[in-house]
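What follows is one structure encoded as structure tokens, with my remarks underneath.
The values are calculated or read from the model by the stated rules, or taken from the named source; none is laboratory data. Since the model is a prediction, treat every value here as computed from it, not as a measurement. Quick reminder, even Gly has a Cβ in these numbers, built from the backbone with ideal geometry, and neighbours come from all protein chains shown. In case anyone asks, the SASA skips ligands and DNA or RNA and just uses the protein heavy atoms, side chains included. Shrake-Rupley method; radii C 1.70, N 1.55, O 1.52, S 1.80 Å.
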2 protein chains.
Amino acid sequence: MLRLSARTQYALRAAVELAAAPGAPVPAERISAAQHIPRRFLDNILLQLRRAGLINSQRGPDGGYWLARPAAEISLADIILVIEGVTQENDRFPGVSEPLEKVLGALREHQNHLLAEITLAHVAGGSLPDLSR
Amino acid sequence: MLRLSARTQYALRAAVELAAAPGAPVPAERISAAQHIPRRFLDNILLQLRRAGLINSQRGPDGGYWLARPAAEISLADIILVIEGVTQENDRFPGVSEPLEKVLGALREHQNHLLAEITLAHVAGGSLPDLSR
DNA sequence: GATAACCCGACTTATTAAGTAGGAATCAGG
DNA sequence: CCTGATTCCTACTTAATAAGTCGGGTTATC
């Protein structure tokens, strides 16, 4: 079923936190406190997001992190993809069970579609698009 | 993201196999061969399905397993629920990330809805209902 | 040069997944 | 009532993944 690892959820929450504070670098410490994310673990995650080019960072006093693109141009799928990596598994459903592939495929497609629609701006702004589609 | 354990996939495939051979008991050995499922593991899974009341069994020669209800009355969700158990986790999304809860909720709901619609008869018969909803 | 921050790889620990093992119980046919 | 086919059941093993933790290094500002 649908399952997001703690790591992925943390990444999403951290990114939303950045989306909610545009303009100035946000230190990891503040994100950690606001979202209750273990500090060292968060470092780790932010590093991964930065390496993927989704966020930027600045060291030293008044340093911190900020989004590399406008919040409206970063989708939840972007972040999940970075954290979970490409899920390259094509399980075979032999014989009579073969239609199950279509079912799972449709499910994944819908999921990807929806997550690609929703941006950090939507979430941080509290105004989500229609979720029934 | 969407992920079904090997165990769950095996359970689905085994159930479809039963749906495709109504009337007579199907021995585990045949399911194992048709679906390439490790024999002992399959035993284990079928036992779980039986205990949940989804299938029946008969020991001895000409024994085997069969569906406890018509294939049209067993949904994929029924099977997944039995194997994965109730997923009782309500992760908190504090502060600005709170709307993420709605997003994940909507995703899960759509998933459950679709999986509750599709029955073993659909899959075994190869005629799936509209998957775009 | 002190302080505030990020940077980085490696390590640890707990849980879950995926199966395996060994046999006991049951049932049909001869 | 014996044999072989089959299910039933608990427990065990092994590998992978998840979820952090650790120890320090680097960079920037004042």
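How much accessible area per residue does segment B:6-125 have, in Å², with a 1.4 Å probe?
Per residue, segment B:6-125 has 50 Å² of solvent-accessible surface.
Quick check for you: which residues of segment A:6-26 have the amide N under 19 Å from the point 7 Å beyond the Cα of A:Asn56 toward its beta carbon?
A:15-26
Using modelled amide H (1.01 Å from N, peptide plane; none on Pro or chain starts), what sits under 5 Å from the amide H of B:Ile55, excluding residues fewer than 5 places away?
Those qualifying (amide H under 5 Å, at least 5 residues apart or on another chain) are B:Arg50, B:Ala68.
Of all accessible surface on the protein assembly as shown at a 1.4 Å probe, what whole percent is carbon and sulfur? The partial results should precede the final answer.
Details: 6830 of 13740 Å².
Summing carbon and sulfur atoms, their accessible area is 50 percent of the total for the protein assembly as shown.
Find out how many positive minus negative residues lie around B:Phe93, taking Lys and Arg as positive, Asp and Glu as negative, among other residues whose Cβ is under 12 Å from that of B:Phe93.
-1
Give, ordered by residue number, each residue of segment A:114-133 whose 1.4 Å probe accessible area is reduced by a minimum of 30 Å² on adding the remaining protein chains to the chain alone.
A:Leu115, A:Val123, A:Leu128, A:Leu131
So what is the relative contact order for chain A, in percent, with contacts set as C-alpha pairs under 8 Å and at least six apart?
On the way: 141 pairs, mean separation 37.8, N = 133.
Computed value for chain A: 28 percent relative contact order.
Compute the distance from the alpha-carbon center of segment B:1-62 to that of segment A:1-23, in whole Å.
What the calculation gives is 39 Å, centre to centre.
A plus B alone minus the pair: what accessible area, both sides summed, probe 1.4 Å, in Å² to 100?
3900
Report, to the nearest 10°, how far helix B:6-20 tilts away from the longest principal axis of the Cα atoms in chain B, using its own Cα long axis and a range of 0 to 90°.
50
Apply the Kirkwood formula to the protein assembly as shown: the hydrodynamic radius equals the inverse of the mean of 1/r over all pairs of different alpha-carbon atoms; give it in Å with one decimal.
For the protein assembly as shown, inverting the mean 1/r across all distinct Cα pairs yields 20.6 Å.
So what is the orientation-averaged projected area of segment B:6-125, using the convex hull of its C-alpha atoms, in nm²?
Here the figure is 8.2 nm², rounded to one decimal.
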